[in-house]
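Undergrad: Questions regarding the structure given below will be posed in turn.
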Amino acid sequence: MKRTGLLAVGLIAALMVTGRVDAAPCWRAPVVGTVVDPFRAPACPWCAGNRGVEYRVGRNSRVVAAESGTVVFVGEVADTRYVVVELPGGWRHTYGRLSIARVVAGDVVVAGAEIARTTTEFLFGLRVGDEYADPAPYIGELVGRARLIPVDGSDSRPAPPAQARCRVAQTGR
């Protein structure tokens, strides 16, 4: 019994050290809007490309954390306001073209919590280590669960919250 417990603890510790996750993440969309320019990887660090997914949104739209994490940067770069959230596995989300940030560096945010407001455009980026990556395959659609509603006139229970569901299966991180 003790040996099995130690083995389990060792396996968990190994997974924590390697950071390996078998299932791909599935995040909620950070804004409600229309994608107007998808991710296009630059050919070199200083080359042209689109280092995120660009959305057209309504002015002052809510920006929510796509996943829980820690805010590691809030500020302006070339007159554009950004918020960067580091996820527990080390990946970083970049939220850009913001009119106002509602968080400060060091804040811990929960998926779905409002972190900023937009201009009329919004950029959502992903960095894995120092490399830019396409966040689109990891953005799910909010889907509610089907449920039965009483037909006898009695009160129904509240619906469970919608969950993000991704269409494209990904390999591990």
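The values are calculated or read from the model by the stated rules, or taken from the named source; none is laboratory data. On a predicted model such as this, the values are computed, not experimentally measured, just so you know. Heads up, the Cβs are rebuilt from the backbone with ideal geometry, glycines too, and the neighbour counts pull from every protein chain shown. To get the accessible areas, we keep the full protein, side chains included, count just its heavy atoms, and leave off ligands, DNA and RNA. Shrake-Rupley method; radii C 1.70, N 1.55, O 1.52, S 1.80 Å.
Undergrad: Which pairs turn up if I take residues in region 81-110 that are under 7 Å from residue 71 (Cα atoms) and of a type in the set (S, T, N, Q) and look for partners that are part of a strand (DSSP E or B) and at pLDDT 95 or above with beta carbon separation below 9 Å, at least 6 apart in sequence or on another chain?
TA: Hits for this filter: zero, empty list.
Undergrad: Anything in region 92-138 that is outside any strand (DSSP E or B) and open to solvent by less than 30 Å² (accessible area, probe 1.4 Å)? List them, or say none.
TA: Within region 92-138, 103, 112, 135 meet the criteria.
Undergrad: Let me ask something else about it. Out of curiosity, is residue 155 open to solvent by 40 Å² or more (accessible area, probe 1.4 Å) and at pLDDT below 95? Please lay out each step first, then the result.
TA: Working: open to solvent by 40 Å² or more (accessible area, probe 1.4 Å): yes; at pLDDT below 95: yes.
Criteria met by residue 155.
Undergrad: Now for a separate question. Scan region 64-91 for residues that are open to solvent by less than 10 Å² (accessible area, probe 1.4 Å) and either modelled with pLDDT under 95 or closer than 14 Å to residue 116 by Cα (or both) and jot them down.
TA: Across region 64-91, the qualifying residues are 65, 66, 71, 83, 85.
Undergrad: Related question: What are the residue pairs meeting all of these: first residue in region 146-161, first residue free of Cβ contacts under 8 Å to residues at least 12 places away in the same chain and over 21 Å from residue 28 (Cβ atoms), second residue in a loop (DSSP other than H, G, I, E, B) and open to solvent by 70 Å² or more (accessible area, probe 1.4 Å), Cβ atoms under 7 Å, and 6 or more apart or on different chains?
TA: These pairs meet every condition: 156/149.
Undergrad: Does residue 34 qualify as being free of Cβ contacts under 8 Å to residues at least 24 places away in the same chain, touching a Phe, Trp or Tyr at 6+ places or on another chain (Cβ under 8 Å) and not charged (D, E, K, R)?
TA: yes
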